[in-house]
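Notes for the one structure printed next.
The values are calculated or read from the model by the stated rules, or taken from the named source; none is laboratory data. Fair warning: this is a prediction, and the values are worked out from it, not measured in the lab. Don't worry about glycine lacking a Cβ; one is built from the backbone with ideal geometry, like all the others, and counts go over all protein chains shown.
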Amino acid sequence: MRVLMVTPGTRGDVAPMAGLGKKLQEHGFAVSIAANVAHAPLITAAGCSYHELPGDMSALVSPAAPGAKPSASQLSWYMRELGTYFDSAATGTLEAAEQGADVIIANSVAPYAYDVAEAFGIPVIGAHLQPNEPSTAYAPMVLGTARSFGALGNKALGSLIGSGKAPYDAPVARIRAGLGLPKRTRASGERQRRRANAPVLHGFSSSIVPRPADWRSGLSNCGYWWPASDEAWTPPSALADFLAEGPAPIFIGFGSTEALDPEFMLDVARRSGRRAILQGAPEISEPGILGIGAAPHQWLFPQMAAVIHHAGAGTTAAGLRAGVPTIAVPIFTDQPFWAARVHALGAGVEPVKYKDLSVDRLTAAIEQTLSTDHYAANASRIARLLAEEEDSSLPVARALREAAAAR
């Protein structure tokens, strides 16, 4: 069976799907993944075929400085660029499907994949890394808040936002018109899929996010889809030597967002008095502090005393899997949600809000984390739970076979 995964977004959106794709191939599926060209090596290293989605999301996820608010013109520019990005991704999705697919797996920001699949007469399975279904259990991810608006408020807001404007509305309309499909809005299509109980699988653990009681039966948690290990990767000698030279360091890194400049991270490391690894600052090297480029979190994080990051879904999962405490500095969208989950589970201190971020606040959070034993104990407990879970690719394999049989 030929499976096409449609994965616009950053590395954090693609890495779990590449890991899932590698596992699905072990189950006998032929997997291709459509993503931005920057992620092609990640996909081919997992043994999957690659299709290009034009564009680059990385330029759209770098926030303003802590405490700064974007202007109206900046927000307008951002929404235009986001619309252009998804329009290009929709075109790439169509071109990838034209190469042949029996089933499409689409992430949460690829609703146009459903329209492409409709034209080709093939099924689609949603594969989300965040809980996006309107629910009483959480506020909509797009609001970028961990605040609850109450059970009724959470669900009403989720439904309202889902029915409102989105940057992929125009791409959906264009794809449908170009393929000769009946006119239907993106929001209307999503409502129709809910009524049909269309399957959406989620790549996170019920130990971290229990399945909400008001989810329909077509929604399920599979467990985390872990990124594939690169068997050819070896740590640079400077990194291996640094880790061997002393006690476990702290990790500071903000992934694709590049939210913190190297000087800020260096100041935090110096003020903390702890050995530190600064990801994204490879030019830095001084006693007790090492800047590095890319390194697999599944290899690096278990060797840390604590991890400080933006609380993206994948980075949060890697920290929990490693069994080390997290200090979260969430910035936008789903990051406050994941940061709040880590804190609620006792695996990290109260998140440091990005808008309030300062060297003093972050160093205080580091000190609290490393001087309080229960954060490490809870993180270790969660890691053991995750290690005992079922292979998360098995529910996906079952869903693929069911979708193909129902055609």
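Looking at S237, is it closer than 23 Å to L394 by Cβ and polar (S, T, N, Q)?
For S237, the condition - closer than 23 Å to L394 by Cβ and polar (S, T, N, Q) - is not met.
Can P262 be described as surrounded by fewer than 18 Cβ atoms within 10 Å (Cβ to Cβ) and under 27 Å from V14 (Cβ atoms)? Walk me through how you get there before you give the answer.
Numbers: surrounded by fewer than 18 Cβ atoms within 10 Å (Cβ to Cβ): yes; under 27 Å from V14 (Cβ atoms): yes.
Spelling it out, P262 is indeed surrounded by fewer than 18 Cβ atoms within 10 Å (Cβ to Cβ) and under 27 Å from V14 (Cβ atoms).
Within the stretch 259-270, which residues are modelled with pLDDT of 90 or more and either touching a Cys at 6+ places or on another chain (Cβ under 9 Å) or over 18 Å from V307 (Cβ atoms) (or both)?
Here is the first cut: in the stretch 259-270, the ones modelled with pLDDT of 90 or more are 263-270.
Within the stretch 259-270, E263, D267, R270 qualify.
What are the residues in the stretch 127-179 that are touching a residue at least 60 places away in the same chain (Cβ under 8 Å), within 17 Å of T93 (Cβ to Cβ) and in a loop (DSSP other than H, G, I, E, B), if any?
Residues satisfying the conditions are P167, Y168, L179.
Which condition number in (1) modelled with pLDDT under 85; (2) of a type outside the set (D, E); (3) over 20 Å from the mean Cα position of the chain (by Cα); (4) not in a helix (DSSP H, G or I) is the one that P63 fails?
(3)
Evaluate the following for A244: is it outside the structural domain of S88 (by TED's automatic domain parsing), under 30 Å from S285 (Cα atoms), among the aliphatic types (A, V, I, L, M) and modelled with pLDDT of 95 or more?
Here the answer is yes, as A244 does meet what is asked.
Give me a count of the residues in the stretch 363-407 that are over 30 Å from S217 (Cα atoms) and assigned to a loop (DSSP other than H, G, I, E, B).
Pass one, the stretch 363-407, residues over 30 Å from S217 (Cα atoms): 363-380.
Still in the list and also assigned to a loop (DSSP other than H, G, I, E, B): 371-372.
Number satisfying all stated conditions: 2.
For A146, all conditions in the list (1) modelled with pLDDT of 95 or more; (2) under 23 Å from F204 (Cβ atoms) hold save one; what is the number of the exception?
Among (1) modelled with pLDDT of 95 or more; (2) under 23 Å from F204 (Cβ atoms), the lone unmet condition for A146 is (1).
Could you list, in sequence order, the residues of the stretch 200-219 that are among the small types (G, A, S) and closer than 21 Å to A18 by Cβ? Break it down stepwise before answering.
If we filter the stretch 200-219 for residues that are among the small types (G, A, S), which is where we start, we get 203, 205-207, 213, 217-218.
Correct list: G203, S205.
Going by the conditions given, is A305 in contact (Cβ under 8 Å) with a residue 12 or more places away in the chain and surrounded by fewer than 22 Cβ atoms within 10 Å (Cβ to Cβ)?
yes
Out of everything in the stretch 238-279 that is among the acidic types (D, E) and in a helix (DSSP H, G or I), what residue ends up being farthest from T369 (Cα to Cα)? Full working, then the answer.
Step one: of the stretch 238-279, the residues among the acidic types (D, E) are 241, 245, 258, 261, 263, 267.
Then keep just the ones that are in a helix (DSSP H, G or I); that gives 241, 245, 263, 267.
On the way: D241: 25, E245: 22, E263: 22, D267: 18 Å.
The selected residue is D241.
Taking the options L42, L94, name whichever one is part of a helix (DSSP H, G or I), over 22 Å from P171 (Cα atoms), touching a residue at least 24 places away in the same chain (Cβ under 8 Å) and not hydroxyl-bearing (S, T, Y).
L42
Would you confirm whether or not the stretch 109-121 contains a residue that is in a loop (DSSP other than H, G, I, E, B) and at positive phi?
Yes, the stretch 109-121 contains at least one residue that is in a loop (DSSP other than H, G, I, E, B) and at positive phi.
Got at least one residue in the stretch 303-321 being closer than 21 Å to R275 by Cα, in the same structural domain as F251 (by TED's automatic domain parsing), β-branched (V, I, T) and in a strand (DSSP E or B)?
yes
Taking G223 as the residue in question, decide whether it is loosely packed, with under 14 Cβ neighbours inside 10 Å, in a loop (DSSP other than H, G, I, E, B) and touching a residue at least 12 places away in the same chain (Cβ under 8 Å).
When the stated conditions are applied, G223 does not pass them.
Per-residue answers, yes or no, for (1) among the basic types (K, R); (2) surrounded by 15 or more Cβ atoms within 10 Å (Cβ to Cβ); (3) over 21 Å from the mean Cα position of the chain (by Cα):
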position	(1), (2), (3)
G293	no, no, no
P296	no, yes, no
A318	no, yes, no
P325	no, yes, no
V352	no, yes, no
L357	no, yes, yes
T363	no, yes, yes
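Do we find that S217 is under 22 Å from the mean Cα position of the chain (by Cα), at pLDDT 95 or above, in a loop (DSSP other than H, G, I, E, B) and polar (S, T, N, Q) in this structure? Show your work before the answer.
Details: under 22 Å from the mean Cα position of the chain (by Cα): no; at pLDDT 95 or above: yes; in a loop (DSSP other than H, G, I, E, B): yes; polar (S, T, N, Q): yes.
No, not satisfied.
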